[in-house]
Each structure stands twice: as structure tokens, then as C-alpha cells.
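Below: the structure, in C-alpha cells.
The values are calculated or read from the model by the stated rules, or taken from the named source; none is laboratory data. Quantities reported herein were computed from a predicted structural model and do not represent experimental measurements. We place every Cβ from the backbone using ideal geometry, glycine too, and count neighbours over all the protein chains shown. The area values use the complete protein model at the heavy-atom level, side chains included, leaving out ligands, DNA and RNA. Shrake-Rupley method; radii C 1.70, N 1.55, O 1.52, S 1.80 Å.
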Amino acid sequence: MKRIVILISGRGSNMEAIHRACAEEGWPAAVVAVISNRPTAGGLAWAAERGIATASIDHRAHADRAAFDAALAAEIDAHQPDLVVLAGFMRILTPGFVARYAGRLLNIHPSLLPSFGGLHTHERALQTGCKVAGATVHFVTAELDHGPIVLQAVVPVLAGDTAETLSARVLVCEHQIYPRAVRWFVEDQLLLGDDGVVRHTLNAPQWLFH
Ligand code: GAR
């Protein structure tokens, strides 16, 4: 049974999608803890109501990124995870933290990486005149939003879209591709090679067109 720890900063809808799929599809895995850098994150209450261990490590209570990441890693390691899932976790992680979880740290970003990493993704895609947008699941490396790509979803940009309408369309796809990628990992169908290349034994598409 693989042990999954999920890190969130907010509402945690991707966390919910992963937890739900894990239970409903009978993965050989369990979400053993949900940890937030924000004590008020809505997803913490959702997880606690379902009997999942929760913790908040408030980044504002730590002197610098290294101190925060050390506290976060100590909490994560207490749950002995096989996989750490960033699900709307809005903190930049230090290279040391990323190296500690190399090959077992996944993230989802609401853009078609390598375009529009960082913040204000949807605003920037609209401003640029993109005709499609999407989301990307990737292994985390030290460079922000640049790790090896596992799975991508593509949605159209529609006339009159705002950042809100576009992000809602992308979020629907996030809830489909993130559970899929996590399932591949816990079923040992997906790994990150020592050479930094994604390897898989999948007979399934690694994209989704909405
Ligand atoms: C999601 O759209 C996720 O892709 C994004 O934050 C949102 C969290 O929503 N993550 C990032 O922007 C990371 N750079 P959720 O809390 O409902 O899962």
C-alpha cells in the first residue's frame, strides 16, 4: 500500500479529486496526510472530516524558506510517504527540499508548461491571445514549474473568456488528469529516471483534449 501525502494552500479541490479516485477506484494507496502552509486552508477541514491526518506549518512563523522547508519536511517524513503531491501548494520550495523528494514529488500547474509558469497564468494566456490553454502534471525539480512532464490537458480559449471562466474550464480537466497521474505512480507504471526523463509502462494517452 503506497502512502500519499498531499500539500495544499487553499480549497484543495485537486486533493479531493485524488482522495475520491483513490477510494472509488481501489488504488493500492491511501492519502495518509494533508499538510498546508496556511492554517485557514479550506481543504484541511475537508480532509479532517474524512479522518485524514492534517497539519499546518505556517510559513509566516519561520525565519526563511530553508527553516520553513525543514519544518515541512519533518512533518512530511513523519508520515513516511512514497509520494508527495503538491495540489495548489503556493510556496516556492528550496533545492534541498526538492532533492529530498526527487522522483516522488508531483505538481499540477494550470497552464500548458513550459508556457506560463508562475502566477497569474490565465491572465497571461488571455493577454497573449492563446487559443488553447490547459494544465500540466509534472515531476518537481528545482526550477519552478519546469520539471519533466507526465500528462497534459488542453481546453479551448473561448470568445469572452475571463481569467475566472478559463480557470474554471481548466480546473475540470485538472480533476481528471491529476488523479490519473497519481494512480499511474502508485501502480508503478510511472517513474522519473535518474537521467531526469519520465519512464512509463502505459498503454494510455498522456494527454486529454476537452
Ligand atoms: C489549481 O488550479 C492548481 O493548478 C493551481 O492552484 C489551484 C489550486 O486549486 N496551482 C498552481 O497554480 C501551482 N503553481 P485547488 O486548491 O482547488 O486544488
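Across all C-alpha atoms in the range 31-123, the radius of gyration and Dmax reach 13.8, 38 Å. For the chain, the carbon plus sulfur part of the accessible surface works out to 54%, probe radius 1.4 Å.
For ALA23 and ARG124, the FRET efficiency from 1/(1 + (r/R0)^6), where r spans their Cβ atoms and R0 equals 35 Å, is about 0.45.
Normalised by residue number, the volume inside the convex hull of the Cα atoms of the range 72-155 is 87 Å³ per residue. Annotation: per residue accessible area for the chain equals 47 Å², rounded to a whole number [probe 1.4 Å, protein chains only].
Placing a pseudo-label 7 Å from each Cα along the Cα-to-Cβ vector at THR162 and GLU75 gives an inter-label distance of 3.3 nm.
log10 I(q)/I(0), Debye, Cα-only the chain, no solvent, q = 0.08, 0.12, 0.16 Å⁻¹? Summing over Cα pairs of the chain leads to -0.26, -0.59, -1.08. Here the chain carries DSSP beta bridges of which approximately 40% are antiparallel, counting only pairs with both residues inside.
Expressed in nm², what is the orientationally averaged projection area of the convex hull enclosing the Cα positions of the range 66-118?
Average projection, Cα convex hull of the range 66-118: 4.0 nm².
Extension gain, ARG50-TRP207: 0.36 nm per intervening residue step, less the Cα-Cα distance, totals 53.4 nm. For the peptides 43-55, 76-88, 170-182, 59-71, the ranking by packing is 170-182, 76-88, 43-55, 59-71, with the highest mean count of neighbouring Cβ atoms within 10 Å listed first.
Taking a ≥ b ≥ c as the square roots of the eigenvalues of the alpha-carbon gyration tensor, the range 126-201 is classed prolate because a/c is 1.5 or more and a/b outweighs b/c.
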